[in-house]
1. Quick one: if the Förster radius is 35 Å, what FRET efficiency do residue 106 and residue 30 give, using the C-beta to C-beta distance and rounding to 0.05?
2. Can you tell me how much longer the chain between residue 86 and residue 71 gets when fully stretched, taken as 0.36 nm per residue apart minus their C-alpha distance, in nm with one decimal?
3. Once phi is turned into ³J(HN,Hα) by the Karplus curve 6.51 cos²θ - 1.76 cosθ + 1.60 with θ = phi - 60°, what whole-Hz value does each residue of segment 106-121 show in order, with x for glycine and proline?
4. Modelling each spin label as a point 7 Å along the Cα-to-Cβ direction, I'd like the residue 124/residue 56 distance in nm, to one decimal.
5. Starting from the Cα of residue 71, draw a straight line to each of the lysines and keep only those under 20 Å, dropping any in the same chain fewer than 8 residues away.
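Nothing in this text is a laboratory measurement; each read-out follows from the coordinates by a stated rule. Note that this is a predicted model, so its numbers are computed, not measured. Virtual Cβ from ideal backbone geometry, glycine too; neighbours counted across all protein chains shown.
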Amino acid sequence: MKSISLVVTVMFLALLAGGTLAFGQNLEARGIELSNAGQFDQAISTFTQGLNQKPNDPNLHYLRGKAYTAKGQYGQALEDFSAAIKLKPDYGQAYFGRAMVYVYQEKYDQALEDLHQAERNGYKDADFLKLVRKRVGEKR
């Protein structure tokens, strides 16, 4: 009887530990679901939970930056996109995300710089690049 109880306890603890690990791994996916549903506050909270577990994860910084951008919280978005780029200097999507924030802030020269970096790192949006180039030309 004691051995069955011990086995059940060990299995429960293993399940609990596995569930915790799985939960940590699923925070990114859950945050993406929340963002796609327009629940940006909850997505930000979820990505933050993930960053508490994995503070050097560039993708979590990028995703939280996108959620902040959607909320119009550009200062926080820039911090996250910049953190993602610092952690992964070839992260083209993070450069693109930061460029979008710069466009919202009407900092077109900085946006253009980041769009070129995004393109050099494999992420290209030709139409958006044309729009920013046009805006840079209008400012001069």
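1. Efficiency for this residue pair is about 0.55.
2. Once the chain is fully extended between residue 86 and residue 71, it gains 3.1 nm.
3. For segment 106-121, the Karplus curve yields 6, 9, 5, 4, 5, 4, 4, 4, 5, 5, 5, 5, 4, 5, 4, 9 Hz.
4. Placing both labels 7 Å beyond Cα along the Cβ direction yields 3.3 nm.
5. Partners within reach: 107.
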